[in-house]
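Here's the structure we're looking at; comments come further down.
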Amino acid sequence: MNKSNTGNASPKIICISSGKGGVGKTSIAINLAAALAKNSRKVLLIDGDLGLANVDVALGINVRHTIRETVEQGRDPLSLLIEIMPGFHVLPASSGVPEMANLSHEEQVFLANTLEDTIDQFDYVLVDSAAGIGESVLWFNDWSQENIIILSPDPTSMTDAYALIKILHSRYGKKRFNLVINSVKSKKEGREVFEGIKAVLKRFLKIEPDFLGSLPVDNHVVKAIRNQKPFLITYPDSRASIAITEIADRI
Amino acid sequence: MTSYISCNDPEAFFRIIEKQARHYPVEATRITGKEENLCGLFLFRKGLSRPERQKALGRVLKMAAAEPERAPEEGDDPICHVPKTLGEDSCQVTTEERAQLFSFLKRESN
Ligand SMILES: Nc1ncnc2c1ncn2[C@@H]1O[C@H](COP(=O)(O)OP(=O)(O)OP(=O)(O)O)[C@@H](O)[C@H]1O
Ligand SMILES: [Mg+2]
């Protein structure tokens, strides 16, 4: 994704999505945030799954107040932030609130303005988006400057990632996509999956995506979610940690 | 199925576009009416020369002038309508796209 973000400039807003559910968005978002924070960057991770939040669960944090209060009561998002480790804050969302997954247009505008007033102090803002191609997914992707798309080496995941990119390209004019291939058997497989989808994107949409890297299938990822801690912190030497550190260096 | 954001507040929409325009090399100029209400936006590629800009504006004015005659013949669409081809289905993944995605996967598993 070109230069890394340091210090004073306005934050780099990056949306992480996948189309298909369960391909590793939340795991990758959390550990990417942790890796950036380890590199002395200030990171805000927004739980963009506004109606079915996951980030709080995956990090074992007890959430009382969520982004819902910002939307419904105008609460200052700064008062909602939870510090996970130095430099890494989370803006939590609510779970089981379908209205939040379908914000009205006015609410979206209000949320965008409020968030933009909040994020100045960060170097990176990561959004862990919901699965699917619902309005909130498209909206967060549109709001972000950079778009990371996660896919795995399986036909449904590849098709869904392609469909999401196609929508973001044709409806929102997005041209730059950064792909991460998750759950690969080898780096070679990750590269092949990337080249495969790249060929289709080039041929039909005239888009050339960027390859951010791949993440191996690694049981430490599963264990870390169960321990409710980033794998990068609990298992710093795992293959997943090494891979995520490389990806963090590229954004 | 994805739905377009449906909204009946055009000013809010203009403000969103204006905001997005900051991320692109374009200039958004407000067109305001009576009492400063927002009637529309001009969007220009940044770095256009003055003559280029005037020529473009000239075209818009010409289209606006021709509008009263055009509308009864061709229907009521506003002069700068969204192309019809940009319909809801334009994003659907086609069979050709799928075929190529899958052809690669088949090669993989061999
Ligand atoms: N590289 C990996 N190796 C092993 N397991 C993984 C890997 N990546 C993700 N997983 C596991 O897959 C499951 C889904 O991951 P995660 O919750 O991060 O996906 P998601 O895309 O955020 O899902 P959702 O769409 O539901 O939000 C988790 O149990 C996680 O531990
Ligand atoms: Mg998730």
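Of the residues A:90, A:137, the single one that is at pLDDT below 95 and crowded, with 23+ Cβ neighbours inside 10 Å is A:137.
Kindly indicate whether any position in the stretch A:97-117 is in contact with a Pro (Cβ under 7 Å, 6 or more places away or on another chain), of a type in the set (S, T, N, Q) and crowded, with 20+ Cβ neighbours inside 10 Å. Looking through the stretch A:97-117, none of the residues is in contact with a Pro (Cβ under 7 Å, 6 or more places away or on another chain), of a type in the set (S, T, N, Q) and crowded, with 20+ Cβ neighbours inside 10 Å.
The set of residues in the stretch A:156-173 being farther than 12 Å from residue A:201 by Cβ, out of contact with any Ser or Thr (no Cβ under 8 Å at 6 or more places or on another chain) and open to solvent by less than 20 Å² (accessible area, probe 1.4 Å) consists of A:159 alone.
Within the set A:42, A:12, the sole residue that is modelled with pLDDT of 95 or more, in contact with a strand residue (DSSP E or B) (Cβ under 6 Å, 6 or more places away or on another chain) and open to solvent by 10 Å² or more (accessible area, probe 1.4 Å) turns out to be A:12. Only residues that are within 11 Å of another protein chain (Cβ to nearest Cβ), hydroxyl-bearing (Ser, Thr, Tyr) and touching a strand residue (DSSP E or B) at 6+ places or on another chain (Cβ under 9 Å) were counted in the stretch A:124-158, giving 3.
Among the residues examined, residue A:119 qualifies as among the β-branched types (Val, Ile, Thr), out of contact with any Cys (no Cβ under 6 Å at 6 or more places or on another chain) and more than 11 Å from chain B (Cβ to nearest Cβ). Close Cβ contacts (under 8 Å, 6 or more residues apart or on different chains) running from residues in the stretch A:86-102 that are on the phi > 0 side of the Ramachandran plot to residues that are assigned to a loop (DSSP other than H, G, I, E, B) and hydroxyl-bearing (Ser, Thr, Tyr) comprise A:87/A:40. Figure legend. Inter-residue proximity from the stretch A:198-216: first residues in a helix (DSSP H, G or I), second residues aliphatic (A, V, I, L, M) and surrounded by 17 or more Cβ atoms within 10 Å (Cβ to Cβ), beta-carbon distance below 7 Å, spacing 6+ or different chains. Indicated pairs: A:200/B:101; A:201/A:165; A:201/A:207.
Looking across the stretch A:13-59 at every residue that is closer than 21 Å to residue A:163 by Cβ and in a strand (DSSP E or B), the one that is farthest from ligand 2 (Cβ to nearest atom) is identified as A:14.
The values are calculated or read from the model by the stated rules, or taken from the named source; none is laboratory data. All figures in this text were calculated on a predicted structure; none of them were measured in a lab. Reconstructed Cβ throughout: ideal geometry from the backbone, glycine too, with neighbour counts over all protein chains shown. Accessible surface is based on the protein model in full, side chains and every heavy atom, while ligands, DNA and RNA are left aside. Shrake-Rupley method; radii C 1.70, N 1.55, O 1.52, S 1.80 Å.
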